[in-house]
1. Could you go through the stretch 248-261 and let me know if any residue there is touching a residue at least 60 places away in the same chain (Cβ under 8 Å), open to solvent by less than 40 Å² (accessible area, probe 1.4 Å) and β-branched (Val, Ile, Thr).
2. Residue by residue through the stretch 335-369, note down the ones that are in a loop (DSSP other than H, G, I, E, B) and among the aliphatic types (A, V, I, L, M).
3. State all residues of the stretch 121-147 that are open to solvent by less than 10 Å² (accessible area, probe 1.4 Å) and either modelled with pLDDT under 95 or assigned to a helix (DSSP H, G or I) (or both); if no residue qualifies, say none.
4. Would you check which residues across the stretch 167-201 are over 27 Å from the mean Cα position of the chain (by Cα) and within 21 Å of residue 297 (Cβ to Cβ) and list them?
5. Applying the selection to the stretch 95-122, what residues are in contact with a helix residue (DSSP H, G or I) (Cβ under 7 Å, 6 or more places away or on another chain), within 23 Å of residue 51 (Cα to Cα) and among the hydrophobic types (A, V, I, L, M, F, W, C)?
6. What's the number of the condition residue 325 fails, among (1) assigned to a loop (DSSP other than H, G, I, E, B); (2) surrounded by fewer than 24 Cβ atoms within 10 Å (Cβ to Cβ)?
7. Name the one entry in 72, 56, 93 that is among the polar types (S, T, N, Q) and either open to solvent by 20 Å² or more (accessible area, probe 1.4 Å) or more than 19 Å from residue 346 (Cβ to Cβ) (or both).
8. Hydrophobic (A, V, I, L, M, F, W, C), over 30 Å from residue 402 (Cα atoms), open to solvent by 40 Å² or more (accessible area, probe 1.4 Å) and at pLDDT below 90: which single residue out of 28, 32 fits that description?
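The values are calculated or read from the model by the stated rules, or taken from the named source; none is laboratory data. Everything numeric here is computed off the predicted structure, so don't read it as measured data. Cβ atoms come from the backbone with ideal geometry, glycine included; neighbour counts cover every protein chain shown. Quick note on the areas: whole protein, heavy atoms, side chains included, nothing else; ligands and nucleic acids left out. Shrake-Rupley method; radii C 1.70, N 1.55, O 1.52, S 1.80 Å.
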Amino acid sequence: MKKWISVLLSMIMVLSLAACGNSGDSSADSSAESGSNAESGSGESTGDGEKIVVWTLANDLKQFAERYTEETGREVEVVVFDSADYSTKIMQTLGTKSTDVDIFVGEPQMLPNFFEAGFCADLSELEEEVSTQLVDYTYEAGKDEDGVLRAVSYQATPGSVIYRCDLAEEVFGTDDPEEIGKKFSSFDTIVETAAELHDKGYTIFGDTGALRWFSNSTSPWVKDGEIIVDQDRLDYFDAAVELYQKEYVAFAPEWSAAWYASMAGPLPMNAGWDALEDVDASNPETQVFSYVMPSWGALIVRDNAADNKGKFGVCSGVCSFFGGGTFLTVSEYSEHRDAAVDFIRYCTLNDDTAQWWLEASDGDVVSSKAVLESNKDYQNPSFNNQHTYEFYAAELEKVDYSLITGYDDTCKEAFGAAIVSVQEGKQSKEDALKEFYTVVTTQYPELSIPDDAPVK
């Protein structure tokens, strides 16, 4: 289904920093110096030694470029942009058919808009390798609506519930991932699990926003032009309200100071977005049991766990999901197409590169199925020596990309706003759902509300 370019212009980029790595500034940063011509990452000569320019949201590709230049002698200049400026910069620059950039990146939610704008070159020459070597959903996400491959990712970003093993032993008598996964297997079960934790003085999540990752558990948000709010989404709605109103969460929103601090130990309830030193000292303390995030979230937990490092595990939840990830595409206006394709091949289809990045990143999940398989026995010391790559590879097999639509971000945001209005007592559930439908159909007039919708 066609998406409008205007959507891209109005996009508010969230989670890009976490999903793709650490952001840098928006100035050009040449990541490697020119060298002598050498063999390319694909084992073929790439020609005249021309420099290629890469625009990205994160610093990861600087490391890829440095290694690529060391091995091939080809110069790569990597320019890192702040996430808030990135989409507009792409639209403004490539809208004039500029040749200043050879490769640019996008997260999955951006790609359909970039494809429709005509900015992404046809990469069909890589399709056989991508379809067989890389994780299935990344192949699907990289194709346009006509099935033409236009973007390739070196990452896969499967989801999980990340939980405290020590607290699991105390409350549930086990920290086994399969057993803990059962306690997150449905929205009703999550509420029951939260009640058990609450009785011991713990909170299940930092805030109820953690549940949003499971909002594609059974149905796409839009099917045959109709907005879908099925029973599973109503269960999600009710669970989020109950967790909030019964104070089963810590009221430490994702990305807040309190949320980060919760990974290392106790924190005061109701910290919100305040700095911890500004929180009322009389607030009771709690410990957060779990976090729902894609695999890059495990790196955030690890890096903020302090003395709790090694006390976490990962398990499945209501459904398998993915979020974020860096996809590389060649600009349709690049004057160095062959060299750009060679760099993408090196970053995404070279198993030696994938193994190097898995180790260099200290935990990123790569898109190479062979490399994930070869690391399935790796015991992660930050996660209770669990075989995390084996776990994430299994989760990736269960991701259903057919549930993803170009309307997802708008639907999720509007549904989340409806939940918040009920949590805070500002609206009834019926009125909040009506407003949800109004918001979505106002932005997308071509969508309709089905006859069996929970409200009309």
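1. There is no residue in the stretch 248-261 that is touching a residue at least 60 places away in the same chain (Cβ under 8 Å), open to solvent by less than 40 Å² (accessible area, probe 1.4 Å) and β-branched (Val, Ile, Thr).
2. 349, 365
3. 126, 130, 137, 138, 141, listed by residue number.
4. Scanning the stretch 167-201 gives a single hit, 197.
5. Within the stretch 95-122, 101, 103, 104, 119, 120, 121 meet the criteria.
6. Condition not satisfied by residue 325: (2).
7. Going through 72, 56, 93 in turn, the sole match is 93.
8. 28
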